[in-house]
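Participant: Please find one structure pasted underneath; my questions will follow.
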Amino acid sequence: MDSTINHQKIPGVSADEAPKVRYVSFNANEQPASVFRAVTRRITPPLMKGGGVVLEGCVITIPKGIKFYSLYFHGDISGWQKQIEHGAQELGLLTAAIDGDSFVVSDGNRFDLADCQIELD
């Protein structure tokens, strides 16, 4: 991890914020905004009962070279978690979450954040 990055500015690092943040994989030739729309709208009817979701300004690249963008949601937290995770799965994308100092990917891989490349807007 770039030592100039403030660890606390990474979405999902704090324990109270972690349940409200998911990361979704995307290909280098795609824009996170277009993948964001596809993932959040994929499951119909929607699984969440309220709240919203925003694309955060953070991209994490795991040692395998796969990039993930961050999503922050509020309101129906468990509904949004399911909406994002199921939508990504149907599109063949991975999701991830931060657990302490680890980046935990839906395929079972776990990486130390220190071993990942982190880009903040």
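Participant: Of all residues in region 5-50, which are of a type in the set (Gly, Ala, Ser), exposed (fewer than 14 other Cβ atoms within 10 Å of the Cβ) and in contact (Cβ under 8 Å) with a residue 24 or more places away in the chain?
Facilitator: So in region 5-50, the residues of a type in the set (Gly, Ala, Ser) come out as 12, 14-15, 18, 25, 28, 33-34, 38, 50.
Keeping just the survivors that are exposed (fewer than 14 other Cβ atoms within 10 Å of the Cβ) gives 14-15, 28, 33-34, 50.
Listed by number, the residues that qualify are 28, 50.
Participant: For the structure I just gave you, tell me whether residue 71 is free of Cβ contacts under 8 Å to residues at least 60 places away in the same chain, crowded, with 18+ Cβ neighbours inside 10 Å and closer than 18 Å to residue 19 by Cβ.
Facilitator: Working: free of Cβ contacts under 8 Å to residues at least 60 places away in the same chain: yes; crowded, with 18+ Cβ neighbours inside 10 Å: yes; closer than 18 Å to residue 19 by Cβ: yes.
Judged against the criteria, residue 71 is a match.
Participant: Also, I was wondering about something else. Which strands (runs of 3 or more DSSP E) sit wholly inside region 61-111 and have at least 1 residues that are of a type outside the set (A, V, I, L, M, F, W, C) and under 21 Å from residue 47 (Cβ atoms)?
Facilitator: Working: elements: 67-75, 95-99, 102-105.
Hits in region 61-111: 67-75, 95-99.
Participant: Return the residues of region 86-96 that are within 10 Å of the chain's Cα centre (by Cα) and surrounded by fewer than 20 Cβ atoms within 10 Å (Cβ to Cβ); say none if nothing qualifies.
Facilitator: Passing the criteria: only 94.
Participant: Condition first: under 11 Å from the mean Cα position of the chain (by Cα), over 15 Å from residue 52 (Cα atoms) and either modelled with pLDDT of 95 or more or of a type in the set (Gly, Ala, Ser) (or both). Now tell me which residues in region 18-36 satisfy that.
Facilitator: 18, 23, 24, 25, 26 - these are the residues of region 18-36 that are under 11 Å from the mean Cα position of the chain (by Cα), over 15 Å from residue 52 (Cα atoms) and either modelled with pLDDT of 95 or more or of a type in the set (Gly, Ala, Ser) (or both).
The values are calculated or read from the model by the stated rules, or taken from the named source; none is laboratory data. Since the model is a prediction, treat every value here as computed from it, not as a measurement. A quick note on method: Cβ atoms are made from the backbone with ideal geometry, for glycine too, and the neighbour counts reach across all protein chains shown.
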